[in-house]
Structures are given as C-alpha cells and as structure tokens.
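For reference, the structure is listed below as structure tokens.
The values are calculated or read from the model by the stated rules, or taken from the named source; none is laboratory data. Here the structure is a predicted model, which means the values were calculated and not measured. Neighbour counts are summed over all protein chains in view; Cβ atoms, including those assigned to glycine, are modelled from backbone coordinates with ideal geometry.
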Amino acid sequence: MKYHIFLPALLLIVLQGCVYYFEDDFAKVPKVDSHIHINSDDGVFEEIAAADNFILISLNVDHGDSASVRKQYEYAVASVQKHPGRVFFGPTFYFDTAGWGTEEWSSKIIAQLDKDLSAPGAVTVKIWKNIGMVLRDRSGKFIMVDDPGLDPVVNFIKGKGFPITGHLGEPRNCWLPLAEMTVRSDSSYFARNPQYHMYLHPEYPSYEDQINARDRFLENNPDLTFIGCHLGSLEWNVDSLAKRLDKFPNMAVDMSARICHLQYQALTNRKKVRDFCIKYQDRLLYGTDVGYGGSNNPEAFKKRMHETWLDDWKFFTSSLMMTSDKFDGKFAGLKLPRKVVDKIYFKNAVKWYKLKI
Ligand SMILES: [Zn+2]
C-alpha cells in the first residue's frame with residue numbers, strides 16, 4: 001500500500017531525468033569545449049578533458065609572429081597525435097602586411113594552409129581580431145575582414161570544405177568607459193591594457209565598424225560556414241545576435257569567454273536568455289577560451305578547469321540560484337532541456353566542425 005504514496009513522486013523524478021540533466025550527469029555526458037588553446041605538450045589539459053568527458057578544439061591565434069604561429073601549430077599536431085579523437089584543432093596563418101594585396105601574398109598563405117589543413121585533426125581556419133583592429137595597409141587604413149584582398153584565401157578555405165572560425169572585434173564594453181562596462185572581467189582587463197581600450201582610441205574603427213565589416217563579409221560569402229567566436233562579438237544582447245543568426249544561416253557562434261554576458265542578461269531577463277538558447281539550439285557551441293601553456297602546478301590547473309566546466313554545466317542544466325565574480329547580483333540557471341544541452345555541448349560542434357569521432 002505504502003508504494004502508492006511514493007509512486008507518483010518516483011515517476012516525477014524519472015520523468016524529470018528524461019527531460020533534464022542533473023549535476024551527476026556531468027561526467028557521463030560527452031561534451032566538446034570548442035574553443036581552447038593548448039600550447040604545451042605535457043598532456044595535462046587532455047587528461048582533465050578525458051576525466052570530464054570533453055573533446056577539445058584547440059584554436060591557433062595570429063597574435064605574435066610567424067614563429068609563434070608555427071609553434072602553436074606544432075603543439076596542436078602533437079596533441080592530436082597523442083590524443084586522437086580527443087583533440088582537434090584550427091590552424092591559422094601569419095598575416096604579414098608586406099606584399100598585402102598581391103597574388104604572391106595570397107599564394108604563400110594558401111600554400112601553407114593547404115599543408116596545415118591536411119594534418120589529421122585540422123577542422124577549421126582561425127582568423128583573429130588583428131584583422132580589423134591592428135593590421136593596416138600601406139596607406140595606413142585598417143584592413144577589415146571584408147577586404148577583397150582576403151578573397152583568394154577565403155575562397156581556398158571554402159573550396160577545401162572547411163569553415164572559418166573568426167574572433168573579430170571585441171566585446172562592446174571595449175568601446176565604453178570603464179565605469180559603464182557590464183562585467184568586471186572586461187573593466188579590469190581594459191584598465192590594465194589601455195592600449196586595447198577602444199573608448200580611449202576614437203581614431204580606431206568603432207564597434208559598429210567591426211560588426212558591419214563582419215556582416216558584409218558574410219553577405220559576400222553566403223556559402224561560407226562561419227563560426228563566430230565569443231558569441232560573434234554580440235555578447236551584450238541576445239536580440240542583436242538573433243538578428244544575425246536569422247540573416248546568416250551558415251553562421252554559428254561559440255560562447256567562449258562570454259557566458260558571463262548571458263548570465264548578466266539573465267539577471268534581469270532569464271526567460272529571454274533561455275528562450276534564445278532554445279530557439280537557436282542548433283547554432284550555439286559551448287566553449288571556454290581557456291589557454292594552457294604548461295604549469296608547475298598541474299593539479300591546480302585541472303581543479304580550476306574542472307570547476308569552470310562544472311559551473312557552466314550548472315548554469316545551463318539547473319535552475320539553481322548562482323552568482324558570478326564578474327558582476328553583482330544573483331541569477332538562476334537556465335535549466336535547458338537535455339536535447340538542447342546535447343546540441344550546445346556536443347552535437348553542434350560535431351556538425352559545424354565535421355568532427356570525425
Ligand atoms: Zn581564444
């Protein structure tokens with residue numbers, strides 16, 4: 001008789017388990033961190049990824065010289081070799097402005113990319129914010145991503161059937177005074193790095209210039225698969241991002257380093273953020289943007305990485321009240337349905353990056 005009392009409650013728990021994930025499911029569910037940077041061959045990042053059931057996509061970045069780009073490539077290739085199926089990567093190219101706009105310039109880059117993309121585990125080409133924010137042509141004009149000089153390289157990548165992964169522009173906060181920035185991670189970064197704080201540099205392209213150049217680039221390349229890093233630099237407002245996702249069906253975005261902006265928006269309108277994640281469930285890729293260059297305390301790194309991944313998991317899968325060290329106030333987790341979580345955490349990365357797993 002007493003089972004009659006518990007049966008409905010038990011049934012509810014079982015049903016909930018079919019629709020939603022719990023914290024305990026974290027390690028059981030296969031996941032992809034679609035935006036990290038491995039610059040070490042000690043295997044520590046890969047170890048914690050295996051323990052927490054993550055596949056990693058390591059993106060190379062053109063933020064130094066050509067030697068730095070080659071070194072990153074070597075780390076990525078070595079990691080793929082040692083951890084096949086666990087690690088994939090996106091090579092990049094060193095954007096040397098000498099010879100920019102000539103056929104020689106693009107032929108050299110294409111030849112290099114052709115080799116790099118033939119390496120096992122290569123799944124995309126990464127382009128970076130130096131396009132639009134640093135590089136200038138001979139006349140001193142900023143080279144934006146929609147510059148026709150890039151067309152041969154873009155056409156080559158498309159022709160090979162690879163996507164382009166682009167970190168273009170910066171968070172909108174970068175163009176605001178420190179006191180108006182929404183998250184502390186931005187205000188502390190730009191306080192320390194005034195050279196990158198665009199509010200102080202009105203002579204540089206504006207936030208809108210960056211977004212417009214990216215949008216024109218996508219208009220000019222409707223057949224290009226494009227993954228916009230960091231919520232496509234539209235992190236501050238899900239409506240603005242939704243507009244681009246509606247307009248560009250071959251565009252997806254990774255959430256790396258910008259989940260705090262979704263949380264910030266959830267402070268005042270959780271439903272809106274949740275509805276956005278459900279509506280665009282096929283276009284969002286989970287990622288963290290954590291970089292690893294070796295550590296003299298690998299256990300501490302692993303612990304931090306695990307906590308970062310688990311905190312994000314709680315935000316997306318539960319309705320727990322949470323806080324962030326990046327802004328004041330409490331917000332509730334989004335408690336997305338399992339099928340949405342499976343896409344954001346796994347299926348979308350597999351599909352958009354054509355991961356062979
Ligand atoms: Zn990154």
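Among the residues of region 53-67, which ones are polar (S, T, N, Q) and at pLDDT 95 or above?
So in region 53-67, the residues polar (S, T, N, Q) come out as 53, 58, 60, 66.
Across region 53-67, the qualifying residues are Asn53, Ser58, Asn60.
If I filter region 265-305 down to residues being among the aromatic types (Phe, Trp, Tyr) and assigned to a loop (DSSP other than H, G, I, E, B), which single residue comes out as farthest from Lys339 (Cα to Cα)? Can you show your working first?
Residues of region 265-305 among the aromatic types (Phe, Trp, Tyr): 276, 280, 286, 292, 301.
Now drop any that are not assigned to a loop (DSSP other than H, G, I, E, B), which leaves 280, 286.
Values: Tyr280: 13, Tyr286: 14 Å.
Here the residue is Tyr286.
Among Gly287, Gly291, which is the only one that is within 16 Å of the ligand (Cβ to nearest atom) and surrounded by fewer than 21 Cβ atoms within 10 Å (Cβ to Cβ)?
Gly291
Considering only residues that are part of a helix (DSSP H, G or I), touching a residue at least 24 places away in the same chain (Cβ under 8 Å) and farther than 21 Å from Val350 by Cβ, which ones fall in region 19-38?
Val19, Glu23 - these are the residues of region 19-38 that are part of a helix (DSSP H, G or I), touching a residue at least 24 places away in the same chain (Cβ under 8 Å) and farther than 21 Å from Val350 by Cβ.
In region 213-258, how many residues are acidic (Asp, Glu), closer than 19 Å to Thr124 by Cα and surrounded by 21 or more Cβ atoms within 10 Å (Cβ to Cβ)?
1
(1) within 16 Å of the ligand (Cβ to nearest atom); (2) outside any loop (DSSP other than H, G, I, E, B); (3) crowded, with 18+ Cβ neighbours inside 10 Å: which one isn't true of Ser68, the others all being true?
In the conditions (1) within 16 Å of the ligand (Cβ to nearest atom); (2) outside any loop (DSSP other than H, G, I, E, B); (3) crowded, with 18+ Cβ neighbours inside 10 Å, Ser68 misses (3) alone.
Of Leu336, Leu224, Leu231, Leu262, which residue is more than 16 Å from the ligand (Cβ to nearest atom) and not in a loop (DSSP other than H, G, I, E, B)?
Leu262
Looking at the structure I just gave you, is Phe162 outside any helix (DSSP H, G or I), more than 16 Å from the ligand (Cβ to nearest atom) and crowded, with 20+ Cβ neighbours inside 10 Å?
For Phe162, the condition - outside any helix (DSSP H, G or I), more than 16 Å from the ligand (Cβ to nearest atom) and crowded, with 20+ Cβ neighbours inside 10 Å - is met.
Which numbered condition in (1) more than 18 Å from Gly90 (Cα to Cα); (2) in a helix (DSSP H, G or I); (3) within 16 Å of the ligand (Cβ to nearest atom) is the only one that Asp239 fails?
In the conditions (1) more than 18 Å from Gly90 (Cα to Cα); (2) in a helix (DSSP H, G or I); (3) within 16 Å of the ligand (Cβ to nearest atom), Asp239 misses (3) alone.
Just to check your reading of the model, which residue among Val273, Val341 is closer than 26 Å to Leu59 by Cα and surrounded by 18 or more Cβ atoms within 10 Å (Cβ to Cβ)? Before the answer, list the steps.
Values: Val273 fails: closer than 26 Å to Leu59 by Cα.
On inspection, the qualifying residue turns out to be Val341.
For every residue, the table says whether it meets (1) part of a strand (DSSP E or B); (2) in contact with a strand residue (DSSP E or B) (Cβ under 7 Å, 6 or more places away or on another chain); (3) surrounded by fewer than 21 Cβ atoms within 10 Å (Cβ to Cβ); (4) free of Cβ contacts under 8 Å to residues at least 12 places away in the same chain.
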residue: Ile13; (1), (2), (3), (4): no, no, yes, yes
residue: Ser40; (1), (2), (3), (4): no, yes, yes, no
residue: Gly64; (1), (2), (3), (4): no, no, yes, yes
residue: Ala76; (1), (2), (3), (4): no, yes, no, no
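Scan region 33-55 and give yes if some residue there is over 26 Å from Asp312 (Cα atoms) and under 19 Å from the mean Cα position of the chain (by Cα), otherwise no.
From region 33-55, those over 26 Å from Asp312 (Cα atoms) are 41; that's our starting set.
Now drop any that are not under 19 Å from the mean Cα position of the chain (by Cα), which leaves none.
Within region 33-55, not a single residue is over 26 Å from Asp312 (Cα atoms) and under 19 Å from the mean Cα position of the chain (by Cα).
Right, Lys31: away from the ligand (no atom under 16 Å from the Cβ) and touching a Phe, Trp or Tyr at 6+ places or on another chain (Cβ under 7 Å) or not?
yes
Does Ile357 satisfy the condition of being among the aliphatic types (A, V, I, L, M) and at pLDDT below 95? Don't jump to the end; show me each part of the working.
On the way: among the aliphatic types (A, V, I, L, M): yes; at pLDDT below 95: yes.
Yes, satisfied.
Out of the residues in region 165-184 that are out of contact with any strand residue (DSSP E or B) (no Cβ under 9 Å at 6 or more places or on another chain) and within 16 Å of the ligand (Cβ to nearest atom), which is farthest from Thr124 (Cα to Cα)?
By that ranking, first place goes to Cys174.
Could you tell me which of the residues Asp62, Asp41 is closer than 29 Å to Pro298 by Cα and more than 16 Å from the ligand (Cβ to nearest atom)?
After applying the criteria, what remains is Asp41.
Answer yes if at least one residue in region 48-56 is touching a residue at least 60 places away in the same chain (Cβ under 8 Å), surrounded by fewer than 15 Cβ atoms within 10 Å (Cβ to Cβ) and of a type in the set (Gly, Ala, Ser), and no otherwise.
yes
Please work out which one of (1) over 23 Å from the mean Cα position of the chain (by Cα); (2) part of a helix (DSSP H, G or I) is the condition Ser139 fails and give its number.
All conditions are met except number (2).
Check Ile109 against each of (1) assigned to a helix (DSSP H, G or I); (2) modelled with pLDDT under 95 and name the one condition it does not meet.
Single failed check for Ile109: (2).
For Gly132, indicate whether it is touching a Pro at 6+ places or on another chain (Cβ under 9 Å), within 16 Å of the ligand (Cβ to nearest atom) and at positive phi.
Yes: the conditions hold for Gly132.
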